[in-house]
1. Between Cys69 and Ile241, what is 0.36 nm times their sequence separation minus the Cα-Cα distance? Round to one decimal in nm.
2. With each run of n ≥ 4 DSSP H residues scored as -39500 (n - 2.57), what mean residue ellipticity at 222 nm is computed for the chain after dividing by its residue count and rounding to the nearest 500 deg cm²/dmol?
3. With a 1.4 Å probe and every protein chain left in place, tell me how much accessible area Arg201 has, in Å² to the nearest 10.
4. Determine the dipole magnitude for the chain: charges of +1 sit on the beta-carbon of Lys and Arg, -1 on that of Asp and Glu, nothing else is charged, the reference point is the Cα centre, and the result goes in debye to the nearest 20.
5. Ignoring ligands, DNA and RNA, please state the percent of accessible area on the stretch 34-112 from carbon and sulfur, probe 1.4 Å.
6. Between Ser112, Ser23, Ser86, where does the largest GNM mean-square fluctuation fall for the chain, given springs only between Cα atoms within less than 10 Å?
7. Where a ≥ b ≥ c are the square roots of the eigenvalues of the C-alpha gyration tensor, would you call the stretch 5-104 rounded, which needs a/c under 1.5, or, failing that, prolate if a/b is larger than b/c, or oblate?
8. What does the net charge come to around Phe265 if you take all other residues with beta carbon closer than 11 Å to its beta carbon, with K and R at +1 and D and E at -1?
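The values are calculated or read from the model by the stated rules, or taken from the named source; none is laboratory data. Please read all numbers here as calculations on a predicted model, not as lab measurements. When we count neighbours, we look across all protein chains shown, and the Cβ atoms used for this are built from the backbone with ideal geometry, even at glycine. Note: accessible area is taken over every heavy atom of the protein model, side chains too, but ligands, DNA and RNA are not part of it. Shrake-Rupley method; radii C 1.70, N 1.55, O 1.52, S 1.80 Å.
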Amino acid sequence: MSVYDLAAAAADYPRWGGAPARSIVVCTQQRSGSTLIGEAITFAGSMGCPLEYFHPGFRPAFETRWSVCGFGDYVGRLHRFRTAPSGAFAVKLFWRDVLDIANERVPGAFESLRMATPAQVPLESYRALYGLIADVIPNATWIFLTRRDAVRQAVSNFIAWKTDTWRLASGQERRAVAPDYDPDLIRRLLSRVLRSNAHWRRFLLANGLPFTEVTYEDLEQDYSGTLRRVFAALGCPDARIRPPRLSKQADDIGDALLKRFRAEF
């Protein structure tokens with residue numbers, strides 16, 4: 001897959017000195033419309049460029065480009081090159097990214113949380129997790145992005161994983177061959193979505209963090225209206241809204257897999 005243009009060096013901001021003045025955190029999971037909302041925030045200007053900076057799909061390339069030495073150095077480089085001139089640093093975080101950061105800072109201390117259900121996690125653990133990421137995202141505003149149809153999200157994740165197609169630019173050729181059906185993998189992906197979303201909600205509530213909740217379906221049904229609500233929550237109610245440059249990836253292949261999975265389970 002070619003390098004995502006917003007992750008390339010050309011998309012870095014002019015050097016910022018010190019910690020960001022504010023942070024924007026999109027709490028989400030894969031296949032929830034996070035690229036759609038992330039690009040909307042980026043192209044609105046002044047609010048930063050939210051990418052999965054701590055996800056293994058993105059982080060290694062940034063570390064190599066910036067010759068990073070250790071976690072603290074990586075955070076410093078992110079703040080330096082990915083903080084907008086307005087002082088805003090934006091990031092997308094999956095739940096697994098939070099646990100990766102925590103376990104990197106306190107090796108092994110939070111490893112048991114990876115498969116734990118939210119009911120098994122004491123509120124104190126969520127507060128401890130926040131303490132380990134707070135300096136990465138100073139003065140944060142939180143956007144909680146989910147997808148109401150978690151089954152469709154899991155199927156979409158399955159297809160993206162199997163075909164290595166995570167985004168589709170307008171005019172880009174769609175996949176032609178359906179991946180081999182694997183209901184067990186889809187079930188595991190569905191379980192991860194439901195578990196991770198529940199963890200996010202308890203994390204935000206346990207730490208008393210106000211958040212704006214948005215769904216993929218909101219964006220699909222009322223793109224401009226939903227973004228206007230998000231931008232208002234981010235303190236930029238008059239930010240510009242550009243038409244999305246991504247194409248929907250839903251197609252007959254996905255619909256057929258979804259129909260089969262729902263029929264069987």
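1. Between Cys69 and Ile241, full extension yields an extra 58.2 nm.
2. -14000 deg cm²/dmol
3. Rounded to the nearest 10, that gives 90 Å².
4. Dipole size: approximately 220 debye.
5. Exposed carbon and sulfur together represent 57 percent of the surface.
6. Evaluated over the chain, the most mobile residue of the options is Ser112.
7. Rounded.
8. +1
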